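Values quoted throughout were computed directly from the atomic coordinates according to the rules given, and no laboratory measurement underlies them. Since we're looking at a predicted model, the values are computed, not measured. Reconstructed Cβ throughout: ideal geometry from the backbone, glycine too, with neighbour counts over all protein chains shown.
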Amino acid sequence: MNRTKWIVLGVVVLAVIYVWSSYNSMIVLGQNADSQWAQVESTYQRRFDLIPSLVNSVKGSLIQEQKVFGDIADARTKYAGAKTPDEKASAASQVESSLGRLLVIVENYPTLQSSQNIKDLMTSLEGTENRINVERMRYNDMIKSFNILVKRFPTNILAGMFGQHERAYFEATSGASTAPTVNLQ
């Protein structure tokens, strides 16, 4: 009888250690994903800080392109009002679309391309876009690790008990692979 108690106690201790370890792993991976999303937002903020300078530099030369400027302002406002990573990703995609149209406009105006201020802003924006891409990939890597943990048996049972659910990846919006077109006539 004494041996049976030790076996049962050992099984209970192992189960507690497993639950404790699994719970802590979920928390760590969840926090890592949240931290990585903060990095994505930080790079978005850099982009949003650069866009007004680029818009103002181009605006004086392009009175007829007011719709693009309005679209950019609207997209930035939507991003500021977004609450969840999914809403922010959707709003950021709208910013990218509007920004893409602005960049096409800049490419179509040789006098704008020759401006050193616009060249510098475009270079900074290009670097920021590269950083955004890297941070998004890192975010998706974190989400992948988290999702594997909360979907794998038997951890999936514990995840449900602790309110941990699969998280969404950052995905490009539909039509993001299509280059923007601008009609200047």
Note: residue 13 to residue 27 extended length (0.36 nm per residue) minus current alpha-carbon separation gives 2.9 nm
Filtered hits (aspartates and glutamates, Cα-Cα < 20 Å from residue 119, offset >= 8 within chain) -> 49, 65, 96, 107, 129
At R0 = 30 Å the Cβ-Cβ FRET efficiency linking residue 90 and residue 20, nearest 0.05, sits at 0.20
A chain fully extended from residue 165 to residue 6 at 0.36 nm per residue, minus the present Cα-Cα distance, gains in nm 53.7 nm
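Going by how many other Cβ atoms sit within 10 Å of their own, how do 171, 135 line up, fewest first?
So the residues, fewest neighbours to most, are 171, 135.
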